[in-house]
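The values are calculated or read from the model by the stated rules, or taken from the named source; none is laboratory data. Quick caveat: nothing in here was measured; it's all calculated off a predicted structure. Every residue, glycine among them, receives a Cβ derived from its backbone with ideal geometry; neighbour counts consider all protein chains shown. Heads up: the accessible areas ignore ligands, DNA and RNA and are worked out on the full protein's heavy atoms, side chains in. Shrake-Rupley method; radii C 1.70, N 1.55, O 1.52, S 1.80 Å.
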Amino acid sequence: TWGFDEGEEIVPGRHALRLLGGGRGYEAYLAWDDRLFSLVVTKILRPHRAEDPFARQQIAAEARAYTALQHPALPRSFGSDVHGGRPYLVLEFLDGPRLSTLVRKQGRLAVEQTLPLALQLCSALHYMAGEGWVHLDVKPKNVVMGAPPRLIDLSIARTREGALRTAGPIGTDAYMAPEQCGVE
């Protein structure tokens, strides 16, 4: 872990407020952006992955996806640097619970909530498909409830051609389409 303290500059012009979490290869921080004068999420490769060419390719691909895809139900990107000592990308901070948290705490959504949510998410997926992209990891944990709800985490999103070249399963098992896991 980078172990940034509150207020420490983690990437140029962005200062750590708190660690939000992360995965095997990255850490995500809630940060203050001096230029935007706003909260942002800064996703940084972990120190042991910062010089790994494959990890750099992955974050570069994610940065390209966020740059290419501009839709109200997808988070906005505010820049990246995938070549420096701390490869990172800066994303819009979305304030709201994840769909997975709501369902876990409150149970199923009412039909009156489900239909507008489904329309927003389908709108984002339809837009992505029209732009030649597929998300590959649509699940309740990747939906932030807000106005509008947002489909997050483009870390494994691919262009249609890139998805066709992907060998082996990709995504989250419980939510994976049969074609993603090699079953037809």
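Some points to look at:
- Other residues with beta-carbon under 15 Å from the beta-carbon of E51 carry, at +1 per Lys or Arg and -1 per Asp or Glu, a net charge of +2.
- Expressed in units of 2.2 N^0.38 Å, where N is the residue count, the Cα radius of gyration of the stretch 1-89 is 1.03.
- A simple spin-label model places the labels of Q70 and S100 3.1 nm from each other, with each point 7 Å out along Cα-to-Cβ.
- Phi to ³J(HN,Hα) by Karplus 6.51 cos²θ - 1.76 cosθ + 1.60 over the stretch 142-148, Hz, x for Gly, Pro: 9, 10, 9, 7, x, 10, x
- For the stretch 78-111 and the stretch 1-73, distance of Cα centres in Å: 12 Å
- Amide H contacts of F93 (H built 1.01 Å from N, under 5 Å, at least 5 apart or other chain): V41
- Surface accessible to a 1.4 Å probe, D5 within the full protein complex, Å²: 100 Å²
- Candidates T42, T172, V111 compared by Cα position along the dipole of the chain: farthest toward the positive end lies V111, with charges placed on Cβ.
- Between R24 and L39, the modelled labels are 3.0 nm apart [label points 7 Å from Cα along Cα→Cβ].
- Relative contact order %, the chain, counting alpha carbon pairs below 8 Å whose residues are six or more apart: 16 percent
- Extreme residue, positive dipole direction of the chain, given options V138, P87, H71 (C-beta unit charges): V138
- The alpha carbon gyration tensor of the stretch 75-130 gives principal lengths a ≥ b ≥ c with a/c of 1.5 or higher and a/b no greater than b/c, which makes the shape oblate.
- Local net charge near Y26, Cβ-Cβ under 10 Å (Lys/Arg +1, Asp/Glu -1): +2
- Relative contact order computed over the stretch 77-136 (Cα-Cα under 8 Å; 6+ residues apart), in percent: 16 percent
- Ranked packing of 26-37, 166-177, most packed first, by mean Cβ within 10 Å: 26-37, 166-177
- Global geometry of the chain, whether rounded, prolate or oblate, following the gyration tensor of its Cα atoms and the 1.5 cut on a/c: oblate
- Aspartates and glutamates whose Cα lies under 19 Å from that of K105, excluding same-chain neighbours fewer than 8 positions away: D95
- Under 5 Å between amide hydrogens, built in the peptide plane, is the criterion, and for E8 it picks out A16 among residues at least 5 positions away or on other chains.
- Taking amide H atoms as placed 1.01 Å from N in the peptide plane, the amide H of V82 lies under 5 Å from those of Y88, each 5 or more residues away in sequence or on another chain.
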